[in-house]
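The values are calculated or read from the model by the stated rules, or taken from the named source; none is laboratory data. The model shown is predicted, which means the values in this text are computed figures rather than measured ones. In this analysis, Cβ positions are derived from the backbone assuming ideal geometry, glycine residues included, and neighbour counts consider all displayed protein chains.
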Amino acid sequence: MSLRFSHSSFLLSLLFIFLSSIPAILALQNDDPTIKTMQDFSGYPVDEPTHSSISVSLSVPLSIDNQTLPKQIDELSTFSDAPDPAVTRVLYTDKDVLGRRYIKNLMGLAGLSVREDAVGNIFGRWDGYEPDLPAVATGSHIDAIPYSGKYDGVVGVLGAIEAINALRRSGFKPRRSLEIISFTSEEPTRFGIGCLGSRLLAGDVTLAKALKATVDGQNISFLDAARSAGYAQDQDDLSSVFLKKGTYSAFVELHIEQGPILEEEGVAIGIVTAIAAPASIKVDFEGSGGHAGAVLMPKRNDAGLAAAELALAVERHILESGSLDTVGTVGILELHPGAINSIPRKAHLEIDTRDIDEKRRNTVIEKIHQSANTIAKNRRVNLSEFMIVNQDPPALSGKSIIEAMEVASKELNLTHKLMISRAYHDSLFMARISPMGMIFIPCYKGYSHKPEEYASTEDIANGVKVLALTLAKLSLS
Ligand SMILES: *[C@@H]1O[C@H](CO)[C@@H](O)[C@H](O)[C@H]1NC(C)=O
Ligand SMILES: *[C@@H]1O[C@H](CO)[C@@H](O)[C@H](O)[C@H]1NC(C)=O
Ligand SMILES: *[C@@H]1O[C@H](CO)[C@@H](O)[C@H](O)[C@H]1NC(C)=O
Ligand SMILES: *[C@@H]1O[C@H](CO)[C@@H](O)[C@H](O)[C@H]1NC(C)=O
Ligand SMILES: [Zn+2]
């Protein structure tokens, strides 16, 4: 079958209008030299040239094995430390090791050559007929936070293996090699670091150093945990994990939306144009505490009230940004000593704020900092800590990858829409070393990170088809 698509200029101009409405976050200048823009990280020109989409000739139409894939998703979910349907699969635990073995086995059965790096990122490669060209990569993660679902990440790993199998069945021969990556520790559960594997692949030197001294809640070091799972043998230096820019010509991740939009609108495929990035902040206020009865109100400096005021200020500053894409959450608020008859002597807050516009997000952080200082002064407490824990830049999808995903959806007669990803993914970090794109599929009520998480076989099969055709186009380009 020969699939062809010719662009109408109308659709192109719609795409252009949409893209130009995304603020040009990449071009912004930063005053703070410690904050890197995407351009600093990527090194490749941000407006990479678009090329007309390649048409892919297949001897047999693409078909997804919609019996086997759901069975594999169920099988993988049995490697879990929580009872079905909940899934708990934490980095380097026995269940994680079993899950990894399952994936490597399926990669082998799909005829891929399998390798792992020092932290356990798993790679399965199908060599193209021009194997020296930069490969096209896809993948996601199989770790699962406690009591979560079967689909987050898993759809993008098992789905990628099925996409390769489907391309083989249809007689496709890749020009650029196709490579599947199962990333280590997308979830921050064990060591508090999300997207650990992809951050390292993207060459995060600071993280590689920090991991030598990182321990989990049980005081088990990262390196000991990695060794117990068979990784990081004879080496403390994790720089071997870093990939060179240009290793991949493209990276595409298939993922459940983890939000309600596609299901509500009855759209089959979400094409991600940008990924919002989080910044997290830790704040401590300290006051002098005292007896809840004996200390009169004018004499108090209540650290708890300072924290409460800051939480409201966070909300105010987020709303002042004027964009629905700016969000902020105070997810942790702890009072010490935490007794009903004791004035809080210390208060600890953790703030998560996200945006697809880095400058706008950093402005919010600056305002939160100013408020923290003002509140501390007015309430005569000390702002003993204001620490920006991480401040990752957002990422834009590659234009040519967006185009390939759109054309693939159209050729497969699947409804699609352009959207942004409000959750972050390994793709956010892969964007530092490769042009990137993401394919979203609907999930039940947008549920994720809980056992009710669900995606239908039909929606998964649609996503896998779009992934397969997109990989095929990118492989030939
Ligand atoms: C954690 O382990 C290290 C090295 O084994 C030890 O020196 C340290 O005291 C431990 N810390 C805690 C809080 O147990
Ligand atoms: C705040 O810090 C200053 C300087 O370290 C200290 O003298 C003061 O007692 C602290 N105030 C409170 C309320 O903890
Ligand atoms: C998409 O629809 C067109 C027109 O109805 C049809 O010719 C084509 O075969 C369909 N393609 C697929 C992959 O179903
Ligand atoms: C599975 O695939 C077959 C053949 O393409 C199709 O007829 C059937 O509707 C699919 N089932 C689901 C649940 O998507
Ligand atoms: Zn995920």
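Conditions first: (1) in contact with a His (Cβ under 7 Å, 6 or more places away or on another chain); (2) surrounded by fewer than 18 Cβ atoms within 10 Å (Cβ to Cβ); (3) outside any helix (DSSP H, G or I); (4) of a type outside the set (F, W, Y). K367 passes all but one, so which condition is the exception? So the condition that K367 fails would be (3). Looking at (1) away from ligand 1 (no atom under 16 Å from the Cβ); (2) more than 23 Å from T457 (Cβ to Cβ), which is the one condition that is false for F191? Evaluating F191 over (1) away from ligand 1 (no atom under 16 Å from the Cβ); (2) more than 23 Å from T457 (Cβ to Cβ) leaves (1) as the failure. For region 332-344, the criterion of being at pLDDT 95 or above and within 15 Å of A376 (Cα to Cα) is met by at least one residue.
Residues in region 102-147 that are among the hydrophobic types (A, V, I, L, M, F, W, C), under 18 Å from S80 (Cα atoms) and touching a Lys or Arg at 6+ places or on another chain (Cβ under 8 Å): I142, A144.
When restricted to residues that are more than 10 Å from ligand 5 (Cβ to nearest atom) and within 21 Å of I439 (Cα to Cα), region 135-148 contains 5. Being touching a Ser or Thr at 6+ places or on another chain (Cβ under 9 Å) and more than 30 Å from R175 (Cα to Cα) is the requirement here; does F251 meet it? The answer is no for F251. Taking region 239-307 and the strands (runs of 3 or more DSSP E) fully enclosed by it, the elements with 3 or more residues that are over 30 Å from E366 (Cβ atoms) are at 248-256, 269-275.
Has region 88-97 got any residue that is assigned to a helix (DSSP H, G or I) and either under 21 Å from the mean Cα position of the chain (by Cα) or not assigned by TED's automatic domain parsing to the domain that holds I142 (or both)?
yes
One residue stands out among those in region 329-382 that are free of Cβ contacts under 8 Å to residues at least 12 places away in the same chain and more than 26 Å from L296 (Cα to Cα): the one that is nearest to ligand 4 (Cβ to nearest atom), which is E366.
Scanning region 55-74 for residues that are over 17 Å from E452 (Cα atoms) and within 24 Å of the chain's Cα centre (by Cα) yields L69, Q72. On the stretch given as region 316-331, residues that are surrounded by 11 or more Cβ atoms within 10 Å (Cβ to Cβ) and either touching a His at 6+ places or on another chain (Cβ under 7 Å) or part of a loop (DSSP other than H, G, I, E, B) (or both) total 4.
Within region 298-313, residues that are at pLDDT below 95 have Cβ atoms under 6 Å from residues that are surrounded by fewer than 21 Cβ atoms within 10 Å (Cβ to Cβ) in no pair, counting only partners at least 6 apart in sequence or on another chain. Contact map, region 270-296: first residue among the acidic types (D, E), second residue surrounded by fewer than 21 Cβ atoms within 10 Å (Cβ to Cβ), Cβ cut-off under 7 Å, separation 6 or more or different chains; pairs are D284/K346; D284/H348; D284/S384; D284/E385; E286/R345; E286/K346; E286/N382; E286/S384. In this structure, K245 does satisfy being over 25 Å from Y444 (Cβ atoms), charged (D, E, K, R) and outside the structural domain of E358 (by TED's automatic domain parsing). Return yes when I261 is more than 21 Å from F386 (Cα to Cα), touching an Asp or Glu at 6+ places or on another chain (Cβ under 7 Å) and β-branched (V, I, T) and no when it is not. Spelling it out, it is not the case that I261 is more than 21 Å from F386 (Cα to Cα), touching an Asp or Glu at 6+ places or on another chain (Cβ under 7 Å) and β-branched (V, I, T).
Residue-by-condition table, conditions (1) over 15 Å from Q72 (Cβ atoms); (2) without any contact (Cβ under 8 Å) to a residue 40 or more places away in the chain; (3) not in a loop (DSSP other than H, G, I, E, B):
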| residue | (1), (2), (3) |
| --- | --- |
| L133 | yes, no, no |
| I145 | yes, no, yes |
| K150 | no, no, no |
| G156 | no, no, yes |
| A166 | no, no, yes |
| E179 | yes, no, yes |
| G192 | yes, yes, no |
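On the given criteria, is L223 within 27 Å of G328 (Cα to Cα) and at pLDDT 95 or above? In short, no. Among residues of region 207-223 that are under 12 Å from D237 (Cα atoms) and in the same structural domain as Y92 (by TED's automatic domain parsing), those with a Cβ under 7 angstrom from a residue that is within 16 Å of ligand 5 (Cβ to nearest atom) and modelled with pLDDT of 95 or more, sequence gap 6+ or separate chain, pair up as L207/R199.
Being assigned by TED's automatic domain parsing to the domain that holds A423, in contact with a Cys (Cβ under 8 Å, 6 or more places away or on another chain), away from ligand 5 (no atom under 16 Å from the Cβ) and within 27 Å of G153 (Cβ to Cβ) narrows it down to one of E257, E263, so name that one. From the options E257, E263, the qualifying one is E263.
When we screen A404, A423 for residues that are in contact with a Lys or Arg (Cβ under 6 Å, 6 or more places away or on another chain), in the same structural domain as Q72 (by TED's automatic domain parsing) and under 30 Å from K245 (Cβ atoms), the only hit is A404.
Let's see how each residue does on (1) of a type in the set (A, V, I, L, M, F, W, C); (2) within 22 Å of S427 (Cβ to Cβ); (3) buried (at least 17 other Cβ atoms within 10 Å of the Cβ):
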| site | (1), (2), (3) |
| --- | --- |
| L196 | yes, yes, yes |
| G203 | no, yes, yes |
| I220 | yes, no, no |
| A232 | yes, no, yes |
| S239 | no, no, no |
| T247 | no, yes, no |
| E253 | no, yes, yes |
| G266 | no, no, no |
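Restricting attention to region 104-131, report how many residues are more than 30 Å from S221 (Cα to Cα), small (G, A, S) and not in a strand (DSSP E or B). Result for region 104-131: 4.
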